Amino acid sequence: MIRATISAAALTLSLAGAAHAQTAPAQPTPARAAPTATTGVQTGTTATVNTPVGTVQTGAQANTGATAGAPVMVGGAPMLPTATIVANASKASNLTTLVKAVQAADLTATLSGPGPFTVFAPTDEAFGRLAPGTLDTLMKPEQKATLAKLLTYHVVPGKLDAAALKAQIEAGGGTATLTTVEGQPLKATLENGALVLTDVGGGKSYVTQYDVGQSNGVVHVVNGVLAPKLG
């Protein structure tokens, strides 16, 4: 008989495996376009960082060619600075899994509240790299607490834009320790100008879009799911 639930240890291994896959040497994937990081602050220099899922271009001005005051676009949809994190994410075509997970974990009201929150938002592609069956298991009602733990590990209290994160990293001698809403830390570092997040198991995730302003905080889109210790 197939078990309907999964142990905390097994789930941790599934999540950690996917997170550690972010640090493996990049393999050529011509059929898939590489992600491009954008930031709301122009740095004046550019750098290309190789990651396991493509390259991250840093130092480019956000929304090049957009008119002044135009909203940031995520997943083909405008992210309104007057809307909440959940309301904006619900419009982004590349954040549908995250939105469904937030709903399943009963976190909609929390992330629609005043905050402010800094959210590192994994894309649909990031969730798709979890071990087969992991996401389906996390979405089950009996796994709601575990799913909430995973999601709140991607949330940091306060509004930390790219400039604030960079300042913390510099003040920490190259590493900033961020205390998440879940309670466990994330490490933030810079790699050729790109922001890299490292979870408690050593798995890495790269920020691919910075400084998406919300009425109750800020969102940074990331290319990997970060895994806390579970159980």
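Details
- Every residue from segment 192-220 that is touching a helix residue (DSSP H, G or I) at 6+ places or on another chain (Cβ under 8 Å) and at positive phi: Gly202, Asp211, Gly217
- Residue match in segment 208-221 (condition: surrounded by fewer than 24 Cβ atoms within 10 Å (Cβ to Cβ) and over 25 Å from Leu107 (Cβ atoms)): no
- Within segment 132-157, the set of residues being open to solvent by 40 Å² or more (accessible area, probe 1.4 Å), under 21 Å from Thr180 (Cα atoms) and out of contact with any helix residue (DSSP H, G or I) (no Cβ under 8 Å at 6 or more places or on another chain) comprises Ala145, Lys149, Pro157.
- Segment 102-131: number of residues that are surrounded by fewer than 18 Cβ atoms within 10 Å (Cβ to Cβ) and of a type in the set (Ser, Thr, Tyr): 2
- Some residue of segment 81-96 being open to solvent by 60 Å² or more (accessible area, probe 1.4 Å) and among the hydrophobic types (A, V, I, L, M, F, W, C): no
- Cross-chain or 6+ apart pairs with Cβ under 6 Å, segment 201-217 first and in contact (Cβ under 8 Å) with a residue 24 or more places away in the chain, then charged (D, E, K, R) and not in a strand (DSSP E or B): Asp211/Asp161; Gly217/Lys159
- Selection from segment 170-198 of residues that are part of a loop (DSSP other than H, G, I, E, B), in contact (Cβ under 8 Å) with a residue 24 or more places away in the chain, farther than 19 Å from Leu107 by Cβ and open to solvent by less than 40 Å² (accessible area, probe 1.4 Å): none
The values are calculated or read from the model by the stated rules, or taken from the named source; none is laboratory data. Just so it is clear, the model here is predicted, and its values are computed rather than measured. Reconstructed Cβ throughout: ideal geometry from the backbone, glycine too, with neighbour counts over all protein chains shown. Note: areas computed on protein heavy atoms with side chains; ligands, DNA, RNA excluded. Shrake-Rupley method; radii C 1.70, N 1.55, O 1.52, S 1.80 Å.
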